[in-house]
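Please treat every number below as a calculation from the coordinates, not as lab data. None of the values given here were measured: they were computed from a predicted structure. Cβ: placed from backbone, ideal geometry, glycine included. Neighbour counts: every protein chain shown.
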Amino acid sequence: MSPRSHSSLREGLILGALVATGIWVWIALVDAIVGEPFRTFAVLGGVARFTTLHYVLCLTYGVVAVSVVHAAQREASLIVGAAFAFFLLEFGFVMASAILSQTGLGGSPGPGSWEATSSEPFSPLLILWRRHPTGPGVPRCAAEGEE
């Protein structure tokens, strides 16, 4: 049985869409629960603008993340630099959210934005780990899939 080929573009778009949808739904749900539907979206530029930018960034993020995982399966040392860059990117998102919520520029985003931003790194890692069971950074054995 031949192993299924991996397409960085296809897998990255799927990953990005799943992450973007999860975060979008989480923020909308929390805003609705606290009685201020779509408040976060309004503060961050409006529903249409936020959704468009959010999906574009998440789809790009997904393609890059999957490409790095595929490259790390060929060259394991790449994952160290990628993990550091990933950490810095996520830290930057969390800090930007915290700073913008304190500046008073149009008000503070709703309560769901902080939780979504701080928990966002875990969903792509879980999806990538599931799709690539040897895990990111662990090269596949040349004999894998052969009997």
Report task. Find how much the distance from residue 38 to residue 57 grows on full extension, using 0.36 nm per residue of separation minus their present alpha carbon separation; answer in nm with one decimal. Result -> 4.9 nm
Report summary line: For the pair residue 10 and residue 90, the simple spin-label estimate (label points 7 Å beyond Cα toward Cβ) gives in nm 2.8 nm
**Report entry** ³J(HN,Hα) computed for each position of segment 18-29 - Karplus, 6.51 cos²θ - 1.76 cosθ + 1.60, integer Hz, glycine/proline x
**Finding:** 5, 5, 4, 5, x, 5, 4, 5, 4, 4, 4, 5
